Amino acid sequence: MTRKVIITRLIAVVSFFVLICFVLTVASKIVCAKFIGDSTSIVNGFYAEKKNDIDVIVIGSSNSFCTVDPIVLYEEYGIAAYDFGSSSQPMNLSVLYLKEAFRRQKPKVVALEVNMMVGGGLYNISEAGLRWGLTDIPLSIDKLKCIYQSVGAVNAEYFSYVFPMFRYHSRWKELTKLDYTYFGQDKTNYTKGYLETQSVSETAVTLNEYDYDGDAWIEEENIHYLDEIVRLCKKNNAELLLFKSPKENWHRYETEALRTLADARDVRFVDYNELFYNDALELDLAADFRDDEHLNDFGARKVTSHLGQYLKENYELPDRRADEKPNAWDMACTYRERKGWKAYMAATSAKECLEMLQEDKNFILIVTDTKAKKGKETRQWVYEDCKVALDITWKEAGVRHRKIGDSALVLARVKNVYQVLIDEVDHYQMGGRWNIIVYDKILNQVTASLVFLE
């Protein structure tokens, strides 16, 4: 066999395996579970950020991204931060996330939420925690090492994390349009990784067990990963801050054990359970938590405000509000400001609602009048850029297609049934003469579908 033949066959074998890996990767992206609002949105949102644009990276489990609200940090202190975490994130995944962060960003501060430092090691972590943390991280040597650390062997389970198709192949019957289109969509995360909610815990949270006696359980492997995080921060000229979010069943002895570890490594540590216990932090235990372990928006704002002041006092961080051009955090603030309840939603008539909205070019209005021409016809029109862009008087069944913002609009009449579909979701509401659907071009979503008798 000649050298040329050997090289040709070797290239063919390598090409075959590359093709197989490519097919498995694409198939995995389609069939894998999409943790929208959790790790999928957080991770892909991070990779959508402009390189070297983040000054503070927040790493950790759900306690991190339910506690630190980057929009509040920016509004109050001009700090450009991102919550780059995943639910139930074990310490070896925190190392992986930090390595990924340093590949794309040059943060001045890394804030590690230490909830997962205390308690059992890797082998007590649930599969769900690993799936949440690993599924959306791009394949790399570091990810392969992390999977091996988590699984402990190169076996079928190991490859199910490398190619999630092996775990989620049975989802093919449940696939929706989102599964096929998600990875072509804009991944911008306008909460900067924070998980918004104003829901309140059904029962008041109890933090009065903080001073109970006991012994902290910190596995050696978690200390090893903490040391790896310290080393990575030093190597990349970032300062490390450890912090603990408020939660039930956290105790002083755990705080003291972690403070000993932090002091030995010349790292700052802030415990918000300790601050609350010492009356240095005000929290409403009946209103500021979404459950017994996580803050809601009200509690997160209070803790984030304190954290922002601490960051400003102890680290050299620029005020990005002074940037000459609007940045990603300015847009995120605008996004949040436009969400939620607005005055037009309380309008008592279609005329009043239209008068409130017609001068705002960032709104597209899809208006339906079911009693046009003295009740003889139904008329629909699209109001965009402060003028009528499409006007239809329905006399028979039909369909009209139009692009609005980043979405697909379909206006349809089937017999005497009318539809207003935006990205395949019908937003038309019956019950009155008028239906006004409000589409926000900044949010790229419907913000209201209102019905008026007159």
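Here, each number is a calculation from the coordinates, and none is a lab measurement. Remember, it's a predicted structure, so these values are computed and weren't measured experimentally. So basically every Cβ, Gly included, is an ideal-geometry build from the backbone, and we count neighbours across all protein chains shown.
Are there any trypsin sites (Lys or Arg not before Pro) in segment 349-454 that are in a DSSP loop and have at most 11 other Cβ atoms within 10 Å? List them by number.
Answer by residue number: Lys361, Lys376, Lys395, Lys415.
Along the positive direction of the dipole of the chain (beta-carbon charges: Lys, Arg +1; Asp, Glu -1; about the Cα centre), which of Tyr335, Thr368, Tyr74 reaches farthest?
Projecting each Cα onto the dipole axis, the largest value belongs to Thr368.
Using modelled backbone amide H atoms (1.01 Å from N, in-plane), which distant-in-sequence or interchain residues come within less than 5 Å of Gly119's amide H?
Residues meeting the criterion, in which the H sits 1.01 Å from N, are Trp217, Ile218, Glu219.
Quick one: which residues, 5 or more positions from Gly193 or on another chain, have an amide H under 5 Å from its amide H? H modelled 1.01 Å from N in the peptide plane, none for Pro or chain starts.
Asp83
Can you give me the angle between helix 3-31 and the longest principal axis of the chain, using Cα atoms only, in degrees from 0 to 90, rounded to the nearest 10?
60 degrees
Could you give the distance between the Cα centres of segment 99-152 and segment 388-439, to the whole Å?
Centre-to-centre (Cα) distance: 46 Å.
Which residue, Tyr383, Leu112, Ala300, has the largest displacement toward the positive end of the dipole of the chain when charges sit on each Cβ (Lys, Arg +1; Asp, Glu -1)?
Tyr383
Could you go through segment 78-86 in sequence order and give the Karplus-derived ³J(HN,Hα) for each residue, using 6.51 cos²θ - 1.76 cosθ + 1.60 with θ = phi - 60°, rounded to whole Hz, and x for Gly and Pro?
x, 8, 8, 10, 9, 8, 10, x, 8
Relative contact order of the chain, please, whole-number percent, based on alpha carbon pairs below 8 angstrom and at least 6 residues apart.
15 percent
Within a Cβ distance under 14 Å of Glu239, other residues only, what is the Lys/Arg minus Asp/Glu net charge?
Summing Lys/Arg as +1 and Asp/Glu as -1 gives +4.
Just to check I understand the Karplus step: with θ = phi - 60° and J = 6.51 cos²θ - 1.76 cosθ + 1.60, what whole-Hz values come out for segment 437-446, glycine and proline as x?
In residue order, the calculated couplings are 9, 9, 10, 9, 6, 6, 7, 6, 7, 6 Hz.
Taking a ≥ b ≥ c as the square roots of the eigenvalues of the Cα gyration tensor of segment 98-168, is the shape rounded (a/c under 1.5), prolate (a/b larger than b/c) or oblate?
oblate
Using a Förster distance of 51 Å, how high is the FRET efficiency between Ile20 and Lys106, based on the Cβ-Cβ distance and rounded to 0.05?
0.90
Residues with amide H under 5 Å of Asp271's amide H, sequence separation 5 or more or different chain, H placed in the peptide plane at 1.01 Å from N; which?
HN-HN under 5 Å from Asp271: Lys244.
Extent of the chain along each principal axis, from alpha carbon coordinates, in Å, largest to smallest?
That gives 80, 80, 45 Å along the principal axes, largest extent first.
Within the set of other residues whose C-beta is less than 15 Å from the C-beta of Thr260, count the net charge using Lys and Arg as +1 and Asp and Glu as -1.
So the environment of Thr260 carries a net charge of -4.
Within a Cβ distance under 13 Å of Asn278, other residues only, what is the Lys/Arg minus Asp/Glu net charge? Mind showing how you got there, number by number?
Values: positive: Arg252; negative: Asp211, Asp271, Glu274, Asp279, Glu282.
The answer is -4.
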